[in-house]
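For reference, the structure is listed below as structure tokens.
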Amino acid sequence: MCTRLKESRKIVGAMIQHITYNEFLPKLLGKFTMKKYGLELSAQGFSNSYDPDADITVPAAFGAAAFRFGHSLLPDAMERWSAGHKFLGSRRFSEMFQQPYDLHKPGWLDQYLLGMVNQASQAMDDAVTSQVTNHLFQEPANDYGKDLASINIQRAREHGIPSYSAWRQYCKLPAIKTWSSMLTDISNATVKAYYDLYTTPEDVDLWSAGVSERSIDDSIVGPTFGCIIAKTFSDLKKGDRFWYENPGLPNSFTLEQLTEIKKVKLSRVLCDNSDNIVTIQPFAMELPSQQKNNRVACKGHILPQMDLWAWKEYTGCCTKKKVPNLNNLNPQIHKVQINEWNKEDDNLHKLIQAIAVNISSSKPTNA
Ligand code: HEM
């Protein structure tokens, strides 16, 4: 793989880590859990949380249950919105499974992206849209499809995932020994439904009870899913030698590069990679609001942009010089600056050629 590709891949990986831990996890887990599990990023510069002994095994309960919390948030349909943020239309999930044809229509991808930043998700609770509980992967000629809630429960049983009660104990939460002890975190109606279905509260399945837990404080998930998800993301951060904030390793970013990466927001990525998103709220995972998350122009300086000059290697001299940030210069000066660098590159090129000629002319002859 060529170096430029490797470095681009490294930058994209760092951007994903930054958006995940800076924008997504705080929304999902809330401030308290972020702090408790050491998931907070350092506001500026490096942070060394690397622990070579960290066990980065992702628990089966994470994939087969806890991180499937998202199935409870699904709406019935995906909305399309215009660049001016007006609702255009929507399509039910059951019409979209394995039928991605809308995405072939010019402009529709951006409209779905704009839909995703403008459409509210459903609450995390024991209700799951019938689009996935009755119509998952429904064939156009049929009236019904599969049931994702049943698949989740069955998949976890196949994997031998311990029950909700067992995971609560792992998370140091009060164990569920009686039906009434469930009521601290789950609504009466849901506990009553479990009582009708299960022989003992210790049998209740993790995914089902996990999505039914009331969320804590400013988080989306409840205490049990919060614990499993936070522990997993914490291990993945601590056990990652290539974590983007790590200092002093051969793969580490320079401080200047890291500062640029920490400017990245999902909203900027959406602006830069779409054709027709003109304005967007800075925190793309939260709905726009005039008080806290008012839409701003993609063009312009309010949404910070990563400056790739921090990756420029200065070839004009043997010592690496600081490369100026050209973003703030006017185009004329920018051009002059680049010309100067090109001239230095030219000079260097000529020098190398001269040395090469010199070496070949001073080669000893065979005679
Ligand atoms: C329309 C939206 C979605 C549909 C139709 C869908 C459907 C599915 C299906 C069919 C599976 C495989 C189930 C199995 O065979 O065990 C699955 C797995 C999974 N889903 Fe979803 N899902 C959706 C959205 C989400 C969201 C929003 C999240 C989380 C934020 C999520 C998290 C997961 C996870 C973690 C798995 C397990 C993946 C694995 O371990 O391989 N899904 N989903």
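The values are calculated or read from the model by the stated rules, or taken from the named source; none is laboratory data. All of these numbers come straight from a predicted model, not from anything done at the bench. Note that each Cβ is placed from the backbone with ideal geometry, even for glycine, and that neighbours are counted across all protein chains shown.
You will find that of TYR112, TYR164, the residue that is within 13 Å of the ligand (Cβ to nearest atom) and aromatic (Phe, Trp, Tyr) is TYR112 and no other. Checked against (1) within 16 Å of the ligand (Cβ to nearest atom); (2) of a type in the set (Asp, Glu); (3) touching a strand residue (DSSP E or B) at 6+ places or on another chain (Cβ under 6 Å), GLU158 meets all criteria but (3). For region 273-313, a residue qualifies if it is among the acidic types (Asp, Glu) and either touching a strand residue (DSSP E or B) at 6+ places or on another chain (Cβ under 6 Å) or exposed (fewer than 13 other Cβ atoms within 10 Å of the Cβ) (or both), and the qualifying residues are ASP275, GLU286, GLU313. When region 73-101 is limited to residues that are in a loop (DSSP other than H, G, I, E, B) and within 11 Å of the ligand (Cβ to nearest atom), the one that is surrounded by the most Cβ atoms within 10 Å (Cβ to Cβ) turns out to be PHE97. Screening ILE56 on (1) within 9 Å of the ligand (Cβ to nearest atom); (2) over 14 Å from ALA230 (Cβ atoms) shows it passes everything except condition (1). Only one of (1) aliphatic (A, V, I, L, M); (2) more than 16 Å from the ligand (Cβ to nearest atom); (3) within 21 Å of LEU73 (Cα to Cα); (4) not in a helix (DSSP H, G or I) is not met by VAL128, so which one is it? Every condition holds for VAL128 apart from (2).
Contact annotation: residue pairs with Cβ atoms under 8 Å, 6 or more positions apart or on different chains, pairing a residue in region 65-76 that is in contact (Cβ under 8 Å) with a residue 60 or more places away in the chain and within 11 Å of VAL128 (Cβ to Cβ) with a partner that is of a type outside the set (Gly, Ala, Ser) and near the ligand (Cβ under 6 Å from one of its atoms), are HIS71/VAL132; HIS71/LEU148. Of all residues in region 186-218, those satisfying the criterion of being under 17 Å from CYS171 (Cα atoms) and either at pLDDT below 95 or assigned to a loop (DSSP other than H, G, I, E, B) (or both) are VAL204, ASP205, ARG214, SER215, ILE216. Among the residues of region 25-72, those identified as among the aromatic types (Phe, Trp, Tyr) and either in a loop (DSSP other than H, G, I, E, B) or loosely packed, with under 15 Cβ neighbours inside 10 Å (or both) are PHE32, TYR37, PHE46, TYR50.
Apart from one condition, ALA141 fits all of (1) away from the ligand (no atom under 16 Å from the Cβ); (2) at pLDDT 95 or above; (3) out of contact with any Asp or Glu (no Cβ under 8 Å at 6 or more places or on another chain); the exception is (2). Number of residues in region 75-101 that are out of contact with any helix residue (DSSP H, G or I) (no Cβ under 6 Å at 6 or more places or on another chain), aromatic (Phe, Trp, Tyr) and closer than 14 Å to GLY115 by Cα equals 1. Taking the criterion of being under 25 Å from LYS36 (Cα atoms), outside any helix (DSSP H, G or I) and of a type outside the set (Val, Ile, Thr), the residues of region 150-185 that qualify are PRO162, SER163, CYS171, LYS172, LEU173, PRO174, ALA175, ASP185. Of all residues in region 108-123, those satisfying the criterion of being farther than 15 Å from LEU270 by Cβ and either among the small types (Gly, Ala, Ser) or within 19 Å of the chain's Cα centre (by Cα) (or both) are ALA120, SER121, ALA123.
Return a yes/no flag: does region 17-40 have any residue that is more than 17 Å from CYS227 (Cα to Cα), away from the ligand (no atom under 16 Å from the Cβ), of a type in the set (A, V, I, L, M) and in contact (Cβ under 8 Å) with a residue 12 or more places away in the chain. There is no residue in region 17-40 that is more than 17 Å from CYS227 (Cα to Cα), away from the ligand (no atom under 16 Å from the Cβ), of a type in the set (A, V, I, L, M) and in contact (Cβ under 8 Å) with a residue 12 or more places away in the chain.
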